[in-house]
1. Per residue, what accessible area does segment B:271-349 have, given a 1.4 Å probe and all protein chains present, in Å²?
2. Please give me, ordered by residue number, the GluC sites (Glu not before Pro) of segment C:52-132 that lie in loop per DSSP and have at most 14 other Cβ atoms within 10 Å.
3. List the accessible area buried at the contact between D and A, summed over both sides and calculated with a 1.4 Å probe, in Å² to the nearest 100.
4. Kindly state, as a whole number, the per residue volume in cubic angstrom of the convex hull around the alpha carbon atoms of the protein assembly as shown.
5. Across the Cα atoms of segment D:1-127, what radius of gyration and what greatest pairwise Cα-Cα distance (Dmax) are found, in Å?
6. Any chance you could check segment A:199-233 for residues losing 50 Å² or more of accessible area when the partner protein chains are in, compared with the chain on its own (1.4 Å probe)?
7. Grab the residue from chain C whose Cβ hugs the C-to-B rotation axis most tightly, plus its distance in whole angstrom.
8. Treating the point 7 Å from Cα along Cα-beta-carbon as the label, what are the nm separations from D:D115 to the other copies, to one decimal?
There are 4 protein chains.
Amino acid sequence: MEGSNARLINVGLVGISGYTGMELARLLCAHPSMRLSSAVSRTEAGRKLGDFYPFLRHLPSADLEISQFDASRLCANCDLVFLAVPSGTAMKITPQLLAGGNRVVDLSADFRLRDPNIYEEWYQIPHEARSYLESAVFGLPEIYAEKIRQARLIANPGCYPTSIILALFAALKNKLIEPASIIIDSKSGASGAGRKAALTSLFCEVADNFRAYGLPRHRHTPEIEQELSHIADEPIRVSFTPHLVPMSRGILSSIYASLRDKAMRLEEIHKIFSATWEAHPWVRVLPLGSFPETRHVRGSMFCDIGLALDKRTGRLIIISAIDNLCRGASGQALANANLMCGLEPDTGLKLLAPLP
Amino acid sequence: MEGSNARLINVGLVGISGYTGMELARLLCAHPSMRLSSAVSRTEAGRKLGDFYPFLRHLPSADLEISQFDASRLCANCDLVFLAVPSGTAMKITPQLLAGGNRVVDLSADFRLRDPNIYEEWYQIPHEARSYLESAVFGLPEIYAEKIRQARLIANPGCYPTSIILALFAALKNKLIEPASIIIDSKSGASGAGRKAALTSLFCEVADNFRAYGLPRHRHTPEIEQELSHIADEPIRVSFTPHLVPMSRGILSSIYASLRDKAMRLEEIHKIFSATWEAHPWVRVLPLGSFPETRHVRGSMFCDIGLALDKRTGRLIIISAIDNLCRGASGQALANANLMCGLEPDTGLKLLAPLP
Amino acid sequence: MEGSNARLINVGLVGISGYTGMELARLLCAHPSMRLSSAVSRTEAGRKLGDFYPFLRHLPSADLEISQFDASRLCANCDLVFLAVPSGTAMKITPQLLAGGNRVVDLSADFRLRDPNIYEEWYQIPHEARSYLESAVFGLPEIYAEKIRQARLIANPGCYPTSIILALFAALKNKLIEPASIIIDSKSGASGAGRKAALTSLFCEVADNFRAYGLPRHRHTPEIEQELSHIADEPIRVSFTPHLVPMSRGILSSIYASLRDKAMRLEEIHKIFSATWEAHPWVRVLPLGSFPETRHVRGSMFCDIGLALDKRTGRLIIISAIDNLCRGASGQALANANLMCGLEPDTGLKLLAPLP
Amino acid sequence: MEGSNARLINVGLVGISGYTGMELARLLCAHPSMRLSSAVSRTEAGRKLGDFYPFLRHLPSADLEISQFDASRLCANCDLVFLAVPSGTAMKITPQLLAGGNRVVDLSADFRLRDPNIYEEWYQIPHEARSYLESAVFGLPEIYAEKIRQARLIANPGCYPTSIILALFAALKNKLIEPASIIIDSKSGASGAGRKAALTSLFCEVADNFRAYGLPRHRHTPEIEQELSHIADEPIRVSFTPHLVPMSRGILSSIYASLRDKAMRLEEIHKIFSATWEAHPWVRVLPLGSFPETRHVRGSMFCDIGLALDKRTGRLIIISAIDNLCRGASGQALANANLMCGLEPDTGLKLLAPLP
């Protein structure tokens, strides 16, 4: 007597007006086992989702009415809630949702740094939910799948950290490089700056332009160092410089590090990388001589990795590409939610880059 | 004893290196009931599909070896063949495939014009397969679904004609406008020029630029006029001017026409348009005051239509937007193939625009 | 005893933070006979011009301190003042400056429409300086040079009107077309929306997208109609639809009109256009078969015009391209100022498009 | 009795169809003391310059007829010749022109590397004009102005090397950094790939994409190392990785190097950089906290330099931005020609970035 919807998992989305909320709305509309049952936005409450996002018209969720945040209603209606809200807001909301029995995937930075003092130093906000940090799981599915399955609170990784941790994992785990030598030069599309009406994000300020920003202390630095140190099992400090590319989506990270064994051949390194990621189809170690391009991963969960060896200087060059909104935020959040709900991680995420 | 692949429909794709071939490869890789069993390319034969198209790596079809054209092999291996080859080539290949018992969806212009003399006048090539014109079906699913289901040869519509015919259908069918007054100003992304190494298609020649082209006699004109005349049941001549937009995908057509009844209100017109398309979810008549944007249909099958009434001049303005590669070419080809194979037309085509 | 600066004309610029102010700053920094002696901005007062606009560093005006608006100081320091402020603000400032003996080139719409009632209908603001409308001169140098030389107040034309009036002048003056048939489909780069932190102007909302806007009643319509009516010496109503192109600069207008004499040949029309503009080097009537591209006029004063004849429908198609910020705003303002100061109109305006 | 043209220096341009030739044509058309008297192109001979480059219409050089290469005619007509031809061609032409008494500014790589063996190793072409290498002067005006004034053959620097040598000059000259630690991550607009009809340069392949290329052995590496070694007076090897940005113009180089004296403060370093470039207005050392953007130098001769100190790792980060076509090629060629002709180096080069 049960309808086909009976098996659907009800999920809530707090914060729909930013680019990560927009991407989650897209992904959830196409998910075979989840249903967006609550969409929350302070500024858009009362409108229908399809009116706010015309690209969702004629889809099942188009008629969903956007509502104000109400923790108890979310707990009653949803099996799991995604938070696509600014850092500082998530830490206020999360405890209410967890207390109400809900599970939370938080896309902000609030639960990523295990040490709240480091959070306060880099984000310049007092941490108001310190007691939740211990149980929060850093949601990188390839590395922490087991913990994610059991988690009630996921700290979804930042976009730059995702591109960098996946790129360096094999090299650090296998002790191929000197940790003190790591230099990371990352480039991101403009959606990384969020959907805020800021002068510096205008088309005419971004198009036909290229610039660095946030240097020398971008907020993603401690998150990168925390995870790389954990993988290498020793404290690591990196130089990390992000740049703004005149494109909407995508992150490409160019990473330079000195080889420990200068005699090591590129083919051996490539073999180690390939073996490391063999069981993880989203991480594609490209054939030697091929290098990642952001368009090849656009709108998808793939992380493409290319390798070069600068024999003249003994440096390994690792290039990685991800889609910042999908793999670097909302898609990864959904993969974590899939794991938490006992689904295959790629449910609703078998996405291919539309080219060109 | 049959595996799960037993139910898959085997399809062939002749011409993989252009943008329509690329788009079909993307769509077929994600199709639940079809399998790309032959990929043909003169220049790329011998390579694996995933090596030629890095964005397909780690997908089922990635290991498919690209082959040379061989009609009998295609007939043996495939239930249906897509032709993504230039106009002039399709007319040479199609008879062999049909004779071998295959069904063909031709994305070129070779079978679109019912009158071969008009073809020869506008394309400046002799038509070598005139006898097939009568049975070829113009593949616009909303209008010709019944015929498409029975067809063995589909002439897949051009991108501009698709955006224009769908925009004008309700107005002409219901005799709202004066046919002699129609002026069509269309704008297309650069993928419409194809994936040829041409100087005029270079990034530095297209970016930060806008221009008209092909005027006053673009080749899509007779196709537009043939179909509009058919809908209106009277001969129609239009002014059609295409322009090149510095973006990869998308077509927006701005259409101007004088109302027959100058007293008609926009609300009435909107009602007629909405009723006309009610049963066709891919055509979205936007609420009054909303207008289409190419990004809202990007990579999808949607055709968004917006209406304005210039009361001061008595002109109806219809704006339509489609994705030129998906709705205007490969996705529409796949919808036609779905119908020919007895599937729901939207199988494998429940696509949402990735924004931004 | 006089230094070389003695001959320099001192000019003021009120409103530096928008794109037209930015463009005027660029042009004035390179002008051989003018010196930017006052730069006014409510929000940026106190900063140096070169700190606010890093691209002006190491140039003479870089050290100029931005000041608050002060009519008497401007009158004391400047021979002429440019107003790059919003419509509604210019009408408040202009009377003070004129009363103080200054001359004004106003880039806003406040003095463009001779009939203040039409202004109030389209701009929805009461006109507070009606008595100045009669003496204000519409600043299109090719058409009104004599009046501009004598003027004390210039109403600098809008960007769309400039591209349209120059395109249609020869056809209307010589009565080649039917005035009631004119349809104008214009396309503009994103700088036309101004330098405001608006969500709809963000890179991620504009890039890889194309859309119409402002239809069916864009504010430039009455300005276009006023000037076209004046040229044709009969009242004219047009359909005018602007679109947004994902590029920073440039306007291309595609104009459709029925020929009065359907037997007229394109060569004759071309001859008439060429003769009309022979003495005006900024208007370039392209050879038959060539059509304008916005990049060819980028950052310059040129207006390129191309012609096509759709013999099948009897329509003349005129395509024109200008740079919206230079020819369509700040460069034209400077040409007007040149004329007012007794200089050659192209002083400091011998600008070439940087390609690519 | 002499007209005003009597004082003009006649210059020739061999190779007009590429982007550097196009840029030289633009610059020469506006030069107050030079006249483009010969424009040479194998493929375009016979056409008028203004027909080939529509943006030059209505300018003095528009009527110049493009001719075939003829060394004796060039020597008869020109005081100086610019070579905007591919590497490998310049070495064949140069000896004829020098023998005919002409002076040559070569924009190719043929005379940049003092050691012809290194040239042959990296360019894979035999060097056919080895005897000219000794007298060729590397044309970086800030560093080699004296030699340039006397030179008869200028090897115009590459675009990447220009951005990198200027960025590192002050640090190496003053021994602030460890030479073995230099890592250079450069990003260039698409015009750097030249105006060739190549698939990889198509709009649809470049737009909305970011990728590295040429690694780990881009051809500019030995040129960078030659000049840096010369400045530092010790052999230097660098890691150099270029990337392709979806924009037309501009290069931004992000350079990482370990400080020799880890206690050095950023303010001291900034002071040294500022003092080094004090007398060279084209090099703008930005205030601390400001960083270069390619748009601020677009179409100009400026090289903007920004500095950051990563105290946590002891690394100095130098960011530099130039326009690849103007400062990185044709504008620098013209500055060299100015010096060779006894003119001020910035004659005809007082160029400002048009923003946006």
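1. Values: 1970 Å² over 79 residues.
Solvent-accessible surface per residue comes out at 25 Å².
2. Passing sites in segment C:52-132 are C:E128.
3. On the way: alone 16090 and 16120 Å², together 28170 Å².
It comes to approximately 4000 Å² buried between D and A.
4. On the way: hull volume 276.3 nm³, N = 1424.
Taking only Cα atoms, the protein assembly as shown has a hull volume of 194 Å³ per residue.
5. Every Cα atom of segment D:1-127 included, Rg and Dmax give 15.4, 56 Å.
6. The answer is A:L199, A:L202, A:F203, A:C204, A:E205, A:D208, A:N209, A:F210, A:L215, A:P216.
7. So the closest residue, with its distance, comes out as C:D185, 2.
8. 4.7, 7.4, 8.1
The values are calculated or read from the model by the stated rules, or taken from the named source; none is laboratory data. Not measured: the values here are computed from a predicted model. Using ideal geometry, Cβ is built from the backbone for each residue, glycine included, and neighbour counts are taken over all protein chains shown. To get the accessible areas, we keep the full protein, side chains included, count just its heavy atoms, and leave off ligands, DNA and RNA. Shrake-Rupley method; radii C 1.70, N 1.55, O 1.52, S 1.80 Å.
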